[in-house]
């Protein structure tokens, strides 16, 4: 993974709103991701705004992008047409039933996640680990009858539904309490007492990261699936 071009965030200073790779103005938020030879910029906006952005034309879009993210101003001419501007419609939903005879949906196929927190890949990998741990013994024993298979698939859904519901609930709270007010132009800052507590007890800042990154029900690969050290 070290050989793949990537960026690192080494620290975040609060309550200063200038965070590495993130630009904020009244009602506009952009996130810059350094790539190999260019910067990928994602701008957040309310639902239904895509048509209005494209209707303003390419020149207006380039000007807005350069103003909002000056680090990428020199590269906005590389946007040849509005077709180069990709729109991601964020949705939070999940299947009521993840399985049928001979098929199991996990990851994005079972539950669409918001990009907030970057947890979609975490849940997908944990879904896969849980599915492997539950299904592998059944398949290796040759006892995968229709009834046994249905029970195993239902067990996977029951196990993974809990963290999915919890994480999606957290994302909905962040959307309502943080993302949308920021897009509407509100200047949101953490309460001063929160900043003081985190500065006095720095390890508390790891708790949200654990809650999001690890999740409420982490999965661990069984011993028979691990390579010898």
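Below is a table of values for the structure above.
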| item | result |
| --- | --- |
| Residues of the stretch 47-69 satisfying the condition of being modelled with pLDDT under 85, loosely packed, with under 11 Cβ neighbours inside 10 Å and assigned to a helix (DSSP H, G or I) | none |
| Filter result for the condition that a residue is exposed (fewer than 13 other Cβ atoms within 10 Å of the Cβ), modelled with pLDDT of 80 or more and under 24 Å from residue 98 (Cβ atoms), over 162, 201, 166, 214 | 162 |
| Considering residues of the stretch 71-88 that are without any contact (Cβ under 8 Å) to a residue 24 or more places away in the chain and surrounded by 10 or more Cβ atoms within 10 Å (Cβ to Cβ) only, the residue farthest from residue 50 (Cα to Cα) | 74 |
| Residue pairs meeting the criteria (Cβ under 6 Å; at least 6 apart or on separate chains; first closer than 17 Å to residue 212 by Cα, in the stretch 167-183; second buried (at least 17 other Cβ atoms within 10 Å of the Cβ)) | 167/119; 171/114; 171/116; 174/116 |
| Selection within the stretch 116-157 - surrounded by fewer than 15 Cβ atoms within 10 Å (Cβ to Cβ) and touching a strand residue (DSSP E or B) at 6+ places or on another chain (Cβ under 8 Å) | 150, 154 |
| Pick from the stretch 102-127, criterion at pLDDT below 90 and not in a helix (DSSP H, G or I), ranking: nearest to residue 173 (Cα to Cα) | 114 |
| Check on residue 221, surrounded by 10 or more Cβ atoms within 10 Å (Cβ to Cβ) and free of Cβ contacts under 8 Å to residues at least 40 places away in the same chain | no |
| Members of the stretch 96-130 that are farther than 17 Å from residue 157 by Cβ and touching a helix residue (DSSP H, G or I) at 6+ places or on another chain (Cβ under 6 Å) | 114, 116, 117, 119 |
| Some residue of the stretch 190-209 being within 30 Å of residue 94 (Cβ to Cβ), under 18 Å from the mean Cα position of the chain (by Cα) and touching a residue at least 12 places away in the same chain (Cβ under 8 Å) | no |
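The values are calculated or read from the model by the stated rules, or taken from the named source; none is laboratory data. In this text the structure is predicted, and so the values were computed from the model without any measurement. Counting neighbours? That spans all protein chains shown, and the Cβs are built from the backbone with ideal geometry, glycine included.
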